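Everything below concerns the one structure shown next.
Each reported figure results from applying straightforward, stated rules to the coordinates on display, with no laboratory input. Just so we're clear, the structure is a prediction, and the values are computed from it rather than from any experiment. Here the Cβ is made from the backbone with ideal geometry for all residues, glycine too, and neighbour counts use every protein chain on show.
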Amino acid sequence: MILPIVAYGMPVLKRKAEPVELNDELRRLIDDMFETMYRAEGVGLAAPQIDKSIRLFVIDPAPFARWEELSPEEREQLRNAKMAFINPQLVEESGEEWSFEEGCLSIPGINEKVKRPERITLRYTDVEGKEHEQTFEGLLARVIQHEYDHIEGILFTDRLSPLKRKLLAKKLEKISKGQVQVSYKMKFPKR
C-alpha cells in the first residue's frame, strides 16, 4: 500500500522516534514503506516520513543510483543494499567528513551538499528478528546516516549553515504550505 509522505513542517519530523516491537504488523508496514519509497523514487524512507514516530527505516539505493558515476566497489556495495533497520542505535561514526548533495522526499525540490563522516557503525534488528552490529562506508553510509537522522528528529537542512538555511527559508515555507508539485502522495501541515 502506498502511504502519504509527510512534508517539511510536520511535527513528527522533528521528534525523536520511539522503539518499536517486531511483529507481523510491523513487517507489513516495512513492505508498505518499500512500496512507498519506490513509487516516490527514493533511496530511503524513515517511519517519521510516513507520520509514524518509531525507530524504523528502509533503504534500497540500487534502483535510482547513478551507476555511471560509481566506482566498481560502490556498485557492488549498493547492488545488495535493500535493508530494513529496526530500532537502530548509532555505535560509531568515523573517517573523514565529505560533502555530497542530498535531497529528501519530505523536502521536495531542495538538494544541498551535506558533510558527513565516511563510515558509520550501527546496531539494529533486521526484518527476520536478527540483531546486527555492522559498519557501512561511502554512499551507503550516507544513505543510512540520512535516514538515521530522521528517527532522531533531524532533517538534512538542519545540517546546513545558518546562512544556507536562511537562503532556503522561502522554499521551505512553500513546502510546508503545500505549494509544491510532486509525483507522489504527500501530507502537509494543517494551517
Furthest towards positive pole of dipole, ILE154, GLY138, THR125, structure part the range 82-191, Cβ charges: ILE154
Phi to ³J(HN,Hα) by Karplus 6.51 cos²θ - 1.76 cosθ + 1.60 over the range 154-160, Hz, x for Gly, Pro: 10, 9, 4, 5, 5, 8, 8
Set of lysines with alpha-carbon distance to LYS174 below 25 Å, sequence-local pairs under 8 removed: LYS14, LYS16, LYS52, LYS113, LYS164, LYS166, LYS185, LYS187, LYS190
Zone residues, the range 159-191, relative to GLU18, backbone N less than 13 Å from point 7 Å out along Cα-to-Cβ: none
Gain in span if fully extended, SER71 to SER183, counting 0.36 nm per residue against the direct Cα distance: 37.3 nm
PHE100, PHE188 arranged by Cβ crowding within 10 Å, fewest neighbours leading: PHE100, PHE188
Expected 222 nm ellipticity per residue - DSSP helices of 4 or more, -39500 (n - 2.57), all of the chain, to 500: -9000 deg cm²/dmol
Helical segments meeting 18 Å axial Cα length and Kyte-Doolittle -1.0 threshold in the chain (DSSP H): 24-39, 138-151, 162-176
Cα gyration tensor shape for the range 1-132, rounded if a/c is under 1.5, else prolate or oblate: rounded
The range 38-78: GluC sites (Glu not before Pro) in DSSP loop, at most 11 other beta carbons within 10 Å: GLU41
Sequence-separation-based contact order of the chain, relative, with Cα cut under 8 Å and 6+ spacing, percent: 28 percent
DSSP-defined antiparallel bridges as percent of all bridges, the chain, nearest 5: 90 percent
